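Below is one structure; the comments refer to it alone.
The values are calculated or read from the model by the stated rules, or taken from the named source; none is laboratory data. This structure is a prediction, so every number in the text was calculated from the model and none was measured. Methodologically, a virtual Cβ is constructed for each residue, glycine included, from the backbone with ideal geometry; neighbour enumeration extends over all protein chains shown.
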Amino acid sequence: MLGFNWLASYDSIAGEVPQIPKEWFKINAFLKIGENGIVTIMATNPEFGQGVTTSMPMVVAEELDVDWQKVIVEHAPFNTDLFTRQFAGGSQAIRSGWQGLRMAGATARQMLKEAAARAWNVPVTEITTKSGILYHKNSGKQAGFGEMASAATKIPVPKEVEMKAPKDFSIVGTSRKNVEGKNIVTGEPMFGFDIDREGMLIAMVAFPRAFGMKLKSFDDSAARAMPGIKDIFSFKSYKDDYQRNMFDASAFTDLVAIVGNSTWEVMNAKEALKVEWEPISDTTINVAGFGGGSRTVVIPAGLESTADHHAKMKEAAAKPGRELRRDGNPEEAFKNAAKVIEQTYTAPYLAHFMMEPINFFAHVTDDQVVVAGPTQAPEFVERTISARLGIPVEKIDVQMTRMGGGFGRRAYNHYATEAAVISQKVKAPVKLVYTREDTTRFGVFRPTYYVTYRAALDKNNNLIAFHAKAGGIPESPLEANRFPAGAVDNYLAEVWSIDSNITIGAFRAPRSNFMGAVEQSFLDEVAEAAGKDPIEFRLELLKRAKEKPVGERNDYDASRYAGVLELVREKSGWGKESSKKNRGVAAYFCHNSYAAHVVDVEVKDGQPRVERVCSAMDCGIVVNPDAAANMVEGAVVDGIGNAMYGEMTFSKGEPEMDNFDSYRMIRYNEAPKSIDVHFVQNEIAPTGLGEPPFPPVFAALANALYKATGERYRHQPFIKNSFD
Amino acid sequence: MAKFNLKINRKAYQVDVDPSTPMLWVLREHLKLVGTKYGCGVAQCGACTIHVNGEAVRSCITFVSEVGNKEITTIEGLSEDGDHPVQKAWLEHDVAQCGYCQPGQIMTAVALLKKNPHPTDSEIEEAMSGNICRCGTYTRIKKAIHTAIDSK
């Protein structure tokens, strides 16, 4: 069977390829040591470009105290008995993995020390390590980890171990190249789309072009006769009474499978397939709750259009919402205000457009299921397939491939179950592939959102009241306990939502990607109305939140929040720039980390272009600084792109964009000319980085565009800046 | 179906496929050269970029029947050991995030530098703007191209 070469490359620039050991000694699930001192460390988590294949093993290597040049990174299998949280999303990999990864390395080091102490007949407390070598100072004895590895496997696993102090780190906090870099630049097979196994067939699925429609009938007479076609049949991806989990989003569960020898032949047959669709009625589905139990959800019938959505959102926003938080007496404060600022901000649905279109491999036999492909949520792939096929999870082998992007979309793995059902039916290994258009149209979109803000200033231009009323289809984006809650005496947060049959899901920094954008744009308007510098204005509020917070449930650390603003002020030379510069600033806290950006915009021939972005992050200890900077740079580009161009609209239930020719993604010539990323230096345990820098980019850009054009950018995408 | 003789990465191949099959799928599925990626199928993203007689082309819209005996190069054939100056520059700047678009980015950059060893920033912009990187690594791509230019 052809398979993947899971052995990661070595530091491809350092050059020296380590000798593969004759024998491996497995110390624990995370690492094994060869007799020659080469160490294999497992990369446990799904990789979609966030760099965990390199950064997580770095943490293990640090506490093991080994030379990084002697480390081979190998992909761990999906195994919930051995590893926790093999999931990509929520900016949690390093944060929730930190202690466990350190323990894995530190306990192994302790076992090696113990083995050396026994071999040398000296107290273990006198043994020290450095870069893969064990030392006993008094006797002058020393040995490589490889020499003690065999004996270490016989040492009981210590319950408690001493871990390094952050000041002693020599790997964590130093930049290490992506261990898969060389495989990437040479085009090695590593993605799900690259899977090729013996006897494998290719499958595609046909589904309605419009949300609110379902399969009525199909005529496959022409398609079936086309070259290379093996089978065409309809199937249900989920059974009608199936209790869905939170990642089972799928608008289309009655599908037609087209199975054949090659992608091109199957694509052509799919074009020749004649399918009739019919409108759905109101449909009730059963969804499992977070902490057990379940709830029924009614998916409304109807063919929805963007114009109708806008009308409904305006209507809902005009009514009182559901109150989430109230401090002081906001009504009274607004009545007594010297100045009231009120603005509405909106954002459309967004599609993820990860570069690798949807695909998944499945081989279902009587006694085993093997599935492989790009997934952020392998545990949910296993659960859903188990429920659908009635096969216990023990018999399901989920293999994770490197993902060509995810951004949230690959947490929703309906396609893995589809592949498994198709494989079971055709009794063959099958790779299910979606075209780019299908990948978009089966969308699990970022919802469309709408917020109305009001701020009250007293006669001394102090912010005395703040009111946010936010909603969306089908959910509200508001987090009521975030800044500026806690910094204002009178605060009111209300939400509303409108039901829809358009499927939605996580998109890089869910909900925050809207709230960070709009809150930080509005605060810029309030600062201007108050006649204050936008950074000073925010720092004043944060000072208040720190010294005399309003309420007890504020979910941010005001000092760290202020810290990124101060750092970005210093590094960008804020306030020192020539008056010609069009600069905007924004800061946000989400996913446990703090981010601030200063964006400089230049207008050339009437076209605004971001010249430079200066970013400041506080995510605690930074494991792999250059890779971390890369992720922040990516978030900046992604934020500018989505803010400027990102938009999915619907007409009679149909997505109106489905490929890069209709859905505009940011390109090379639209990216900033330079991005400088700075990290707050501290010894706080690391927190997330994939998501937190993303939301405030939108606002820093909007605020800079205002300086450049005199126009406020309240409606995404900014190239339209309208909400009709 | 028809037989086509192809010259790819300095080797001769024969495939028996429908003449309308795009080179993308011939490379990926018939010849198992999967470094050339499917991204859009309509020449909008550049993930499938290959060289035909040294020119960067989108293999997703290049039919196998159009190629004739022209020299095709894919990412796999760019260098013996991943040591083309552009590949090395990509590693030096640790450009990739997810990495899916990067073979296409590299193929476009290599074709540009072959034709124009010292391009201006606006020439680089023009050449690279057909390749989308969804992770947003454009500023690193720019640095890597400058490093590759300087290394020559």
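Go through segment A:437-518 and tell me which strands (runs of 3 or more DSSP E), entirely inside it, have 3 or more residues that are hydrophobic (A, V, I, L, M, F, W, C) and more than 29 Å from residue A:353 (Cβ to Cβ).
On the way: elements: A:448-457, A:463-473, A:490-497.
Filter on segment A:437-518 gives A:448-457, A:463-473.
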Of the conditions (1) farther than 30 Å from residue A:399 by Cβ; (2) touching a residue at least 12 places away in the same chain (Cβ under 8 Å), the single one that residue A:335 does not satisfy is (2)
The lone condition residue A:267 fails out of (1) surrounded by 14 or more Cβ atoms within 10 Å (Cβ to Cβ); (2) of a type in the set (A, V, I, L, M); (3) farther than 21 Å from residue A:440 by Cα is (3)
Among the residues of segment B:109-145, what is the count of those that are within 12 Å of another protein chain (Cβ to nearest Cβ) and farther than 24 Å from residue A:660 by Cβ? 1
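The rows are residues; the columns are (1) under 29 Å from residue A:595 (Cα atoms); (2) buried (at least 24 other Cβ atoms within 10 Å of the Cβ); (3) in contact with a strand residue (DSSP E or B) (Cβ under 6 Å, 6 or more places away or on another chain).
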site: A:424; (1), (2), (3): no, no, yes
site: A:453; (1), (2), (3): yes, no, yes
site: A:458; (1), (2), (3): no, no, yes
site: A:466; (1), (2), (3): yes, yes, yes
site: A:486; (1), (2), (3): yes, yes, no
site: A:490; (1), (2), (3): yes, no, yes
site: A:512; (1), (2), (3): yes, no, yes
site: A:518; (1), (2), (3): yes, yes, yes
site: A:536; (1), (2), (3): yes, no, no
Qualifying residue in segment A:362-369 (condition: at pLDDT 95 or above, within 14 Å of chain B (Cβ to nearest Cβ) and either over 31 Å from the mean Cα position of the chain (by Cα) or crowded, with 24+ Cβ neighbours inside 10 Å (or both)): no
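Somewhere in segment A:326-346, is a residue part of a loop (DSSP other than H, G, I, E, B) and under 30 Å from the mean Cα position of the chain (by Cα)?
Looking only at segment A:326-346, we keep the residues that are part of a loop (DSSP other than H, G, I, E, B), and these are A:328-329, A:336-338.
Keeping just the survivors that are under 30 Å from the mean Cα position of the chain (by Cα) gives none.
Checking segment A:326-346: not a single residue is part of a loop (DSSP other than H, G, I, E, B) and under 30 Å from the mean Cα position of the chain (by Cα).
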Quick one: count up the residues across segment A:131-153 that are out of contact with any Leu (no Cβ under 8 Å at 6 or more places or on another chain), without any contact (Cβ under 8 Å) to a residue 24 or more places away in the chain and of a type in the set (A, V, I, L, M, F, W, C). 1
Counting just the residues of segment A:54-107 that are in contact (Cβ under 8 Å) with a residue 60 or more places away in the chain and at positive phi, which one comes out surrounded by the fewest Cβ atoms within 10 Å (Cβ to Cβ)? A:90
Find all pairs meeting these conditions: Cβ atoms under 9 angstrom apart; at least six residues apart or on different chains; first residue within segment B:82-108 and within 7 Å of another protein chain (Cβ to nearest Cβ) and in contact (Cβ under 8 Å) with a residue 60 or more places away in the chain; second residue part of a helix (DSSP H, G or I) and hydrophobic (A, V, I, L, M, F, W, C). B:100/A:184; B:100/A:193; B:103/A:184; B:103/A:185; B:103/B:75
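Check segment A:393-402 and report whether any residue there is of a type in the set (A, V, I, L, M) and without any contact (Cβ under 8 Å) to a residue 24 or more places away in the chain. Don't jump to the end; show me each part of the working.
Here is the first cut: in segment A:393-402, the residues of a type in the set (A, V, I, L, M) are A:393, A:396, A:398, A:400.
Next cut, without any contact (Cβ under 8 Å) to a residue 24 or more places away in the chain only: A:393.
Checking segment A:393-402: at least one residue is of a type in the set (A, V, I, L, M) and without any contact (Cβ under 8 Å) to a residue 24 or more places away in the chain.
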How many residues are in contact (Cβ under 8 Å) with a residue 12 or more places away in the chain and either within 14 Å of chain B (Cβ to nearest Cβ) or among the aliphatic types (A, V, I, L, M) (or both) if we restrict to segment A:229-270? 20
Based on what the data block shows, is residue A:672 more than 8 Å from chain B (Cβ to nearest Cβ), of a type outside the set (A, V, I, L, M, F, W, C) and either touching a residue at least 60 places away in the same chain (Cβ under 8 Å) or buried (at least 24 other Cβ atoms within 10 Å of the Cβ) (or both)? no
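If you take the residues of segment B:9-19 that are out of contact with any Ser or Thr (no Cβ under 7 Å at 6 or more places or on another chain) and not β-branched (Val, Ile, Thr), which of them is farthest from the other protein chains (Cβ to nearest Cβ)? Can you show your working first?
Filtering segment B:9-19 for residues out of contact with any Ser or Thr (no Cβ under 7 Å at 6 or more places or on another chain) gives B:10-18.
Still in the running and not β-branched (Val, Ile, Thr): B:10-14, B:16, B:18.
Numbers: B:10: 16, B:11: 16, B:12: 20, B:13: 16, B:14: 16, B:16: 11, B:18: 7 Å.
Across segment B:9-19, the extreme among qualifying residues is B:12.
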Identify the residue in segment A:640-669 that is away from chain B (no Cβ under 13 Å) and among the acidic types (Asp, Glu) and, among all such residues, is surrounded by the most Cβ atoms within 10 Å (Cβ to Cβ). A:647
Report the residue count in segment B:44-67 for those that are more than 8 Å from chain A (Cβ to nearest Cβ) and surrounded by 18 or more Cβ atoms within 10 Å (Cβ to Cβ). 14
Every residue from segment B:28-43 that is touching a Lys or Arg at 6+ places or on another chain (Cβ under 9 Å), charged (D, E, K, R) and either without any contact (Cβ under 8 Å) to a residue 24 or more places away in the chain or surrounded by fewer than 24 Cβ atoms within 10 Å (Cβ to Cβ) (or both): B:28
Go through segment A:154-185 and give me each residue that's free of Cβ contacts under 8 Å to residues at least 12 places away in the same chain and surrounded by 22 or more Cβ atoms within 10 Å (Cβ to Cβ). A:184, A:185
Scope segment B:1-38; condition under 23 Å from residue A:227 (Cβ atoms), part of a strand (DSSP E or B) and of a type outside the set (Gly, Ala, Ser); matching residues: B:3, B:4, B:5, B:6, B:13, B:14, B:15, B:16, B:17, B:22
Need at least 1 residues that are more than 29 Å from residue A:690 (Cβ to Cβ) per element, so show me which strands (runs of 3 or more DSSP E) inside segment A:357-424 make the cut, counting only ones lying wholly within it. A:359-364, A:369-373
Among the candidates A:635, A:629, which residue alone is within 12 Å of chain B (Cβ to nearest Cβ), free of Cβ contacts under 8 Å to residues at least 60 places away in the same chain and within 20 Å of the chain's Cα centre (by Cα)? A:629
Number of positions in segment B:68-81 that are facing another protein chain (nearest Cβ under 10 Å), polar (S, T, N, Q) and surrounded by fewer than 20 Cβ atoms within 10 Å (Cβ to Cβ): 1
